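The values are calculated or read from the model by the stated rules, or taken from the named source; none is laboratory data. Just so we're clear, the structure is a prediction, and the values are computed from it rather than from any experiment. Neighbour counts run over all protein chains shown; Cβ positions are idealised from the backbone, glycine included.
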There are 2 protein chains.
Amino acid sequence: MMFSKACEYGIRAAVYIALQSLDGRRVSVTEIAGEIDSPIAFTAKILQQLTRNNIVNSVKGPTGGFEIERKDMDRVNLSMIVKAIDGDNIYVGCGLGLKECNADKPCPLHDKFVDIRSNLRTMLKSTSLYELATGLEVGLTYLKR
Amino acid sequence: MMFSKACEYGIRAAVYIALQSLDGRRVSVTEIAGEIDSPIAFTAKILQQLTRNNIVNSVKGPTGGFEIERKDMDRVNLSMIVKAIDGDNIYVGCGLGLKECNADKPCPLHDKFVDIRSNLRTMLKSTSLYELATGLEVGLTYLKR
DNA sequence: TTTAAATAGGATAAAATTGTCCTTTATTAA
DNA sequence: TTAATAAAGGACAATTTTATCCTATTTAAA
Ligand code: FES
Ligand code: FES
């Protein structure tokens, strides 16, 4: 709805990797896909994007897998993940589909839409991977159901 | 981003029809598509959905076209249009793609997501077609660019 | 040094969304 | 009554998104 499937998988995967990294565990694509209930090969593609964007870290070979350093869990927020996967249309796009959102020649929904979008942006920017992972750790939230 | 292309066209079309109906003019699909800059045949499909959902009124034959009664411009809000075209996933869906949004077994983003979504729902429900059409009429907003 | 395990990446396939074309139906006006 | 006009609807095509499969590359451990 708000995010593409790829983006949803990407966020869930990143949170799971963070959670495991808090325990010092490196995780494979297969494990991740199993734990977040996503298609394996498609998830692998998305993890490549996250890796290229320095959101998670990948290590090849035996004992390899994905991980994220403790300090990066603070640095990485949802806005970065969404941008890496869905691009910044969520920020610059017009709610009614005009070429771009432009206050000088606004669509009828502009003012109200900008309002909502601004809340969303603030939320995404201020939500770190660490914050999401710790909720999971405590058992208050879930990545599949 | 937030709405499908079909939904964006649908909202723009409905607003244009409302605007013209304020002047007592009935409009054809061809005119609508021209004025909101959308593909004609695809727009026709979307207008069928709006008609079936009693959001706009259609009249066949010469002098026919689409219109919306003054009182319906107050009754119809954006939420109704979005539901008619995109369904209610926007209301019941989980932001991270879990089967459904459920506070009893929430995803890590649930609380923050519900917040944003609630703002969005309130906005959509409280925005009438009449309100959007009058902004256009006054020349403050635009349906294409 | 070989083997096996893991990610990277290219090629394709399937599904969903977006878009087009053509025929049918209804209705107005000549 | 006929002709012309406009929406309704069915079939199909193109594009985008989602998903799969297979090979190459890297690397750790036996
Ligand atoms: S112009 Fe449409 S949302 Fe800004
Ligand atoms: S469970 Fe994910 S948004 Fe409610």
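In table form, for the structure just shown:
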{"item": "Test for A:PRO108: is it away from every other protein chain (no Cβ under 14 Å) and either at pLDDT 95 or above or more than 16 Å from ligand 1 (Cβ to nearest atom) (or both)", "result": "no"}
{"item": "Every pair of residues 6+ apart whose Cβ atoms lie under 8 Å, when the first sits in the stretch B:44-57 and is within 16 Å of B:SER79 (Cα to Cα) while the second is of a type in the set (D, E, K, R) and within 10 Å of DNA strand D (Cβ to nearest atom)", "result": "B:VAL56/B:GLU67"}
{"item": "Some residue of the stretch B:107-116 being within 16 Å of DNA strand D (Cβ to nearest atom), surrounded by 13 or more Cβ atoms within 10 Å (Cβ to Cβ) and without any contact (Cβ under 8 Å) to a residue 12 or more places away in the chain", "result": "no"}
{"item": "In the stretch A:116-145, residue nearest to A:VAL82 (Cα to Cα) [restricted to those that are at the interface with chain B (Cβ under 10 Å from one of its Cβ atoms) and assigned to a loop (DSSP other than H, G, I, E, B)]", "result": "A:THR127"}
{"item": "Criterion violated by A:VAL56 - all others in (1) in contact with an Asp or Glu (Cβ under 8 Å, 6 or more places away or on another chain); (2) facing chain B (nearest Cβ under 10 Å) satisfied", "result": "(2)"}
{"item": "Criterion violated by A:ASN77 - all others in (1) over 23 Å from B:VAL114 (Cα atoms); (2) touching a strand residue (DSSP E or B) at 6+ places or on another chain (Cβ under 6 Å) satisfied", "result": "(1)"}
{"item": "Cβ pairs under 6 Å, 6+ apart, first in the stretch A:1-30 and within 17 Å of A:ASN53 (Cβ to Cβ) and at the interface with chain B (Cβ under 9 Å from one of its Cβ atoms), second among the small types (Gly, Ala, Ser) and part of a loop (DSSP other than H, G, I, E, B)", "result": "A:GLU8/B:GLY97; A:TYR9/A:SER38"}
{"item": "Conditions (1) within 11 Å of DNA strand C (Cβ to nearest atom); (2) exposed (fewer than 13 other Cβ atoms within 10 Å of the Cβ): number failed by A:ASP23", "result": "(1)"}
{"item": "Residue count, the stretch B:50-103 (criterion: touching a helix residue (DSSP H, G or I) at 6+ places or on another chain (Cβ under 9 Å), assigned to a helix (DSSP H, G or I) and surrounded by fewer than 16 Cβ atoms within 10 Å (Cβ to Cβ))", "result": "4"}
{"item": "Residue tally, condition of a type outside the set (S, T, N, Q), touching a residue at least 40 places away in the same chain (Cβ under 8 Å) and away from DNA strand C (no atom under 16 Å from the Cβ), over the stretch B:124-144", "result": "8"}
